[in-house]
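Chemist: Here it is, the structure, as structure tokens.
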Amino acid sequence: MRSSKQEGNRLAKASVISREELVPQDCLDAVGKLQKDIETKFIEIGELFSHIKAAKLFKFRSYESFKDWVETEQHISHKTANKLIRMHRLYVEELDIDEETLKAIGFDRLLMIAPMMEKADWEIRDQLMEMAAEQPLPQFYESLKKMKGEAKAEQLPLDLKKVLVEQWKEQMCNLFDCSWSEAQYKLALWFSSGDRADAEVMKLLKQEVKKAQAKFEREASDANR
């Protein structure tokens, strides 16, 4: 039988262990241990929340939703929990930035630059990470404000087609609660299943898209006059 100290150490090190190796109860218990040091453990907590949400482990505690479990047992708002998931997904899974660098920068600064990090090229991302890591807070605020202003200036006037595409991408990411690359994979699965890939179905789809495109471009042209 493990001593309470051994059990605590085991759960506190949950982030070092592959999350698939942890039984559901361990995952749920590990969050409570890590949450005591959320300022430095936000990456590990985001990873665990992501796994618990995707695998629906909250059902092992008789909760119907991740929101109910996280707000009742962890005393964290659903919005904050999703931010932690987003941080892990963006910085670790998508951008592959090492956790020590992220911890040194801190959750608040990473959250502030996240919207730009999601859309910027690698050169801008490097600048953002350097600013967040090195600049004093007042200077960081000013630098970030300036970069946002420059980014907006470059985007105007914004093509209405791009607006539509970005809105649709955001809608799909919210629907599936995942990144855009993962959403594309899920949509590919949907289109390739059943008879959706049938030649006649594809022909009808092409016709419908052609009609929708003509209507959209006509309305966009009228709006620009």
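Only the coordinates and a few stated rules stand behind these numbers; no lab work does. This one's a predicted model, so the numbers in the text were calculated from it and none came from an experiment. Ideal geometry is used to build each Cβ from the backbone, glycine not excepted, and the neighbour counts take in all protein chains shown.
Chemist: What would the Debye equation give as log₁₀ I(q)/I(0) for the stretch 42-199 at q = 0.21 Å⁻¹, counting only Cα atoms as equal point scatterers?
Modeler: Debye output, listed in q order: -1.37.
Chemist: Can you give the FRET efficiency to the nearest 0.05 for residue 103 and residue 177, using r as the Cβ-Cβ distance and R₀ = 22 Å?
Modeler: Numbers: r = 25 Å, r/R0 = 1.14.
Efficiency at R0 = 22 Å is approximately 0.30.
Chemist: Could you give P(r) for the stretch 106-156, binned at 10 Å from zero, as whole percent values over all Cα-Cα pairs?
Modeler: Result returned by the calculation: 25, 61, 13, 0.
Chemist: Shifting gears a bit: Taking amide H positions as placed in the peptide plane 1.01 Å from N, state which residues far from residue 178 in sequence (5 or more) or on other chains have amide H under 5 Å from it.
Modeler: Here nothing satisfies the definition.
Chemist: Listing 87, 116, 202 from the residue with the fewest other Cβ atoms within 10 Å to the one with the most, what is the order? Provide the component values of the computation, followed by the final result.
Modeler: Working: 87 21, 116 16, 202 12.
Ordered by Cβ neighbours within 10 Å, fewest first: 202, 116, 87.
Chemist: All other residues with a Cβ under 13 Å from the Cβ of residue 108 taken together, and with Lys, Arg as +1 and Asp, Glu as -1, what is their net charge?
Modeler: On the way: positive: 83, 103, 109; negative: 39.
Neighbour charge sum, excluding residue 108 itself: +2.
Chemist: Hey, another quick one. Which whole-Hz couplings ³J(HN,Hα) result when phi for each residue of the stretch 48-58 is put into the Karplus expression 6.51 cos²θ - 1.76 cosθ + 1.60, θ = phi - 60°, listed in order with x for Gly and Pro?
Modeler: With the stated coefficients, the stretch 48-58 comes to 5, 4, 4, 5, 4, 5, 5, 8, 6, 5, 4 Hz.
Chemist: Report the local net charge at residue 192: Lys and Arg +1, Asp and Glu -1, summed over other residues whose C-beta lies under 13 Å from its C-beta. Intermediate results must be reported in sequence, preceding the final value.
Modeler: Numbers: positive: 186, 196; negative: 195, 198.
Around residue 192, the surrounding residues sum to 0.
Chemist: Note down the net charge around residue 83, summing +1 for each Lys or Arg and -1 for each Asp or Glu among other residues with Cβ under 11 Å from its Cβ. Walk me through the intermediate numbers first.
Modeler: Working: positive: 79, 86, 89; negative: 108.
It works out to a net charge of +2.
Chemist: With each pseudo-label sitting 7 Å past Cα toward Cβ, what's the residue 191-residue 205 distance in nm, one decimal?
Modeler: With each label point 7 Å from Cα toward Cβ, the separation is 0.5 nm.
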